[in-house]
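Below you'll find the structure, written out as C-alpha cells, and then a few comments.
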C-alpha cells in the first residue's frame with residue numbers, strides 16, 4: 001500500500017466514542033487511543049492504566065473493533081472532596097471502524113503496563129493465477 005493511499009485510508013478511520021451517561025445514569029468514559037500505520041499493518045494503542053486484562057473485552061463486528069471494560073474506583077475514601085479529578089472510573093466503550101485493507105480476524109492484542117496494544121495486519125491479497133493470453137497471427 002503506497003503512502004498516499006495509506007494516509008487517505010487513515011482519514012477514513014471512524015471512532016465512535018461512547019461518553020457521558022446512559023439512561024440508567026451510569027457514567028461512561030473514553031480512553032485515550034492512538035491508531036497508526038506500521039510496516040505490518042495498523043496498530044491501535046489504548047491507555048488503560050489501573051485495569052486488569054480480565055476487565056477488558058474486545059469484540060469484532062465486520063470492520064468495527066469494540067473495546068470495552070470497567071475500571072473500578074476502589075482506592076479513594078468515601079465522601080472525599082475533590083480539588084482536581086481527571087481520572088475516569090467506571091464503564092467505558094470505544095468503537096473503531098477501520099477502512100478496507102485490514103484483517104481484524106487476524107488481529108493480536110497484548111496488555112502491558114497499562115497499555116492495550118492491538119496489531120491488525122493488512123489483508124493478504126490472493127495471488128492472481130497465471131493465465132495464457134492467445135496471440136493471433138495478425139492475418140484476417
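Where a number appears in this text, it was derived from the coordinates with a stated rule and is not lab data. Since this is a predicted model, take the numbers as computed values, not measurements. Virtual Cβ from ideal backbone geometry, glycine too; neighbours counted across all protein chains shown.
A few notes on this one:
- Extension gain for the segment residue 108 to residue 61, taken as residue separation times 0.36 nm less the Cα-Cα distance, is 15.4 nm to one decimal.
- Arranged from fewest to most other beta-carbon atoms within 10 Å of their beta carbon, 84, 44 become 84, 44.
- Label-zone membership for segment 86-110, site residue 119, 7 angstrom Cα→C-beta point, backbone N under 12 Å: 107-110
- Gyration tensor over alpha-carbon atoms, segment 31-101, equivalent ellipsoid semi-axes in Å: 30, 13, 10
- D (Stokes-Einstein, µm²/s), Kirkwood Cα radius, segment 69-121, 1.567 mPa s at 4 °C: 89
- Modelled this way, with points 7 Å down the Cα-to-C-beta line, the labels at residue 36 and residue 89 are 3.2 nm from one another.
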